[in-house]
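Visitor: Please read through the structure below; I'll follow up with questions.
The values are calculated or read from the model by the stated rules, or taken from the named source; none is laboratory data. Predicted, not measured: the structure shown is a model, and the values here were computed from it. Neighbour counts are summed over all protein chains in view; Cβ atoms, including those assigned to glycine, are modelled from backbone coordinates with ideal geometry. For the accessible areas, the whole protein counts, side chains as well, though only heavy atoms, and no ligand, DNA or RNA atoms are used. Shrake-Rupley method; radii C 1.70, N 1.55, O 1.52, S 1.80 Å.
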Amino acid sequence: MSVTVEKLDNLERKIILALNWEDIRAKVNARMKVAQKRARVDGFRPGKAPLRIIDSMYGYGIRDEVLNEMTHKAFEDTIVAEKLKVAGLKSLTALEDADQDDEKVYKIAVVFEEFPEIKVGDLSNQEVTKFSTEIGDAEIDKTVDILRQQRTRFNHVEREAREGDRVIIDFAGKIDGEAFAGGTAENYPFMLGKGQMLPDFEAGIAGMKEDDVKEVAVTFPEDYQSKELAGKTANFTITLKNVSEAVLPEVNEEFAKSLGIEDGDVEKMRAEIKKNVSREVNRRVSEMTKDSAINALLAATPIEVPSSLITEEAKSMAARMKENFAAQGMDQKDLELPLDMFNEQASRRVAISLIMGELVREEKLEPSEEQVRNVINEFADSYEDPQEVIDWYYSDRKNLQAPTSLAIEQNVVDYVLGKAKVTDKVLTFDEVMGQQAQA
């Protein structure tokens with residue numbers, strides 16, 4: 001059955017489907033008889049109730065079901081016959097216009113969106129930043145210091161509190177002689193000099209000794225998070241209950257063993273740290289380079305994104321966020337997330353997917369088995385038993401989807417880098433680990 005495709009706004013299209021009423025009635029009657037055999041109606045033997053009674057009980061639902069199935073089947077057949085590139089179905093509307101065919105056919109207006117025509121643009125004028133960094137002894141020393149700080153012990157001392165100490169205090173604050181919400185606590189621990197409390201508050205504690213009591217005036221900043229307190233001055237009564245000095249572990253055999261180096265060899269520990277840090281740093285700079293390359297690809301290839309695909313992606317993003325919140329103990333019933341908040345990011349994701357898909361087809365950028373295996377090996381290398389991880393990926397082809405997608409992305413990035421104007425940018429270790437670089 002040939003149909004006319006009517007162009008509406010943007011990517012929306014409309015076609016009119018016509019279903020033969022005789023075919024509809026035949027399918028409805030067949031299902032009615034099946035329902036008759038299964039129905040148990042008071043006053044009749046099983047399967048013997050008259051069809052008119054079955055019709056009154058189930059007819060509406062059966063007709064609706066048949067029409068829905070036949071409409072979708074006709075639409076699917078039309079997609080194949082007319083070679084339509086359908087991105088999403090927008091609406092199905094029964095037409096009730098009286099014309100000479102109404103008694104013979106059931107007409108439905110189908111509105112759908114087509115995929116946009118995509119032609120990857122010229123990348124030669126696009127600028128891409130290729131990020132990198134170097135890992136040397138200084139970076140390893142910094143990482144070792146972080147690991148030491150994570151294993152800090154606190155020893156009680158009987159001296160004045162100073163920067164770097166952990167103190168435990170009671171405090172009670174008042175504004176104009178009145179207590180306020182959040183202004184009182186007991187046995188409250190924090191580190192002096194780390195910016196955990198307001199500067200006036202910390203400055204008042206510095207120099208106090210255990211069991212000292214002190215009145216400290218603290219002025220809240222004008223941009224303080226609590227508007228009720230912003231710009232106001234509170235008087236705090238502070239009792240210092242404990243002062244403990246931070247003691248970092250020595251970098252020795254015991255420290256190395258605590259990091260999983262069985263024989264306690266410090267040089268082995270440093271080599272393992274360098275390996276792990278390099279892996280993470282390389283992952284981050286690769287992500288930054290990928291973002292820059294994808295931005296160039298999007299800039300060179302502006303496309304119209306089907307709204308139906310944006311909506312579906314936004315729904316998926318909202319569902320994932322709700323799952324994450326639920327995993328943190330939040331009640332999903334209280335999580336009403338408007339899809340509008342995801343639309344911009346969803347539109348970008350869909351555009352990237354469509355453009356990359358076209359580029360992969362045009363330039364034959366599908367990854368080789370070796371490339372996929374290299375991605376898997378990189379995943380596995382961070383686990384205690386790499387072979388067990390590798391075996392899992394190859395135990396089911398579905399498990400290969402993620403590493404295959406990453407290998408495709410890398411091929412796309414390499415393609416863009418080969419076409420665009422590339423600027424190399426070396427980042428410091430702190431910039432990479434702090435994600436401070438901008439693509």
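Visitor: Within segment 325-345, count every residue that is under 29 Å from residue 87 (Cα atoms), in a helix (DSSP H, G or I) and open to solvent by less than 100 Å² (accessible area, probe 1.4 Å).
Guide: Of the residues in that region, 3 qualify.
Visitor: What number of residues within segment 198-229 are part of a helix (DSSP H, G or I) and open to solvent by less than 60 Å² (accessible area, probe 1.4 Å)?
Guide: Count: 4.
Here's the yes/no breakdown for (1) in contact with an Asp or Glu (Cβ under 7 Å, 6 or more places away or on another chain); (2) over 17 Å from residue 291 (Cβ atoms):
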residue	(1), (2)
371	no, yes
381	no, yes
394	no, yes
399	no, yes
403	no, yes
406	no, no
415	yes, no
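Visitor: So, in segment 247-264, of the ones that are surrounded by 13 or more Cβ atoms within 10 Å (Cβ to Cβ) and β-branched (Val, Ile, Thr), which residue ends up farthest from residue 140 (Cα to Cα)?
Guide: 261
Visitor: Looking at 183, 195, can you tell me which residue is open to solvent by less than 70 Å² (accessible area, probe 1.4 Å) and either assigned to a loop (DSSP other than H, G, I, E, B) or at pLDDT 95 or above (or both)?
Guide: Answer to the selection: 195.
Visitor: Residue 122: open to solvent by 70 Å² or more (accessible area, probe 1.4 Å) and touching a Lys or Arg at 6+ places or on another chain (Cβ under 9 Å), yes or no?
Guide: yes
Visitor: Still on this structure: Select from segment 38-53 the residues that are assigned to a helix (DSSP H, G or I) and either under 45 Å from the mean Cα position of the chain (by Cα) or surrounded by 12 or more Cβ atoms within 10 Å (Cβ to Cβ) (or both) and list them in ascending order.
Guide: Answer for segment 38-53, where residues must be assigned to a helix (DSSP H, G or I) and either under 45 Å from the mean Cα position of the chain (by Cα) or surrounded by 12 or more Cβ atoms within 10 Å (Cβ to Cβ) (or both): 51, 53.
Visitor: Only one of these conditions is not met by residue 161: (1) closer than 30 Å to residue 280 by Cα; (2) in contact with a strand residue (DSSP E or B) (Cβ under 7 Å, 6 or more places away or on another chain); (3) open to solvent by less than 40 Å² (accessible area, probe 1.4 Å). Which number is it?
Guide: Of the numbered conditions (1) closer than 30 Å to residue 280 by Cα; (2) in contact with a strand residue (DSSP E or B) (Cβ under 7 Å, 6 or more places away or on another chain); (3) open to solvent by less than 40 Å² (accessible area, probe 1.4 Å), the odd one out for residue 161 is (1).
Visitor: Let me ask another. For segment 5-13, check the following and say yes or no: at least one residue is assigned to a strand (DSSP E or B) and surrounded by 14 or more Cβ atoms within 10 Å (Cβ to Cβ).
Guide: The answer is yes, given that some residue of segment 5-13 is assigned to a strand (DSSP E or B) and surrounded by 14 or more Cβ atoms within 10 Å (Cβ to Cβ).
Visitor: If I go through segment 288-304 residue by residue, how many of them are open to solvent by 40 Å² or more (accessible area, probe 1.4 Å) and touching a strand residue (DSSP E or B) at 6+ places or on another chain (Cβ under 6 Å)?
Guide: 0
Visitor: Do we find that residue 74 is in contact with a strand residue (DSSP E or B) (Cβ under 6 Å, 6 or more places away or on another chain) and of a type in the set (Gly, Ala, Ser) in this structure?
Guide: yes
Visitor: Name the one entry in 287, 304 that is without any contact (Cβ under 8 Å) to a residue 12 or more places away in the chain and either outside any helix (DSSP H, G or I) or farther than 19 Å from residue 138 by Cα (or both).
Guide: Going through 287, 304 in turn, the sole match is 287.
Visitor: Still on this structure: Mind listing whichever residues of segment 152-180 are under 21 Å from residue 230 (Cβ atoms) and either assigned to a loop (DSSP other than H, G, I, E, B) or out of contact with any Asp or Glu (no Cβ under 8 Å at 6 or more places or on another chain) (or both)?
Guide: 171, 172, 173, 174, 175, 176, 177, 178, 179
Visitor: Same structure, new question: Among the residues of segment 230-246, which ones are open to solvent by 30 Å² or more (accessible area, probe 1.4 Å) and outside any loop (DSSP other than H, G, I, E, B)?
Guide: Once the filter is applied, which keeps residues that are open to solvent by 30 Å² or more (accessible area, probe 1.4 Å) and outside any loop (DSSP other than H, G, I, E, B), segment 230-246 yields 233, 235, 237, 239, 241, 242, 245, 246.
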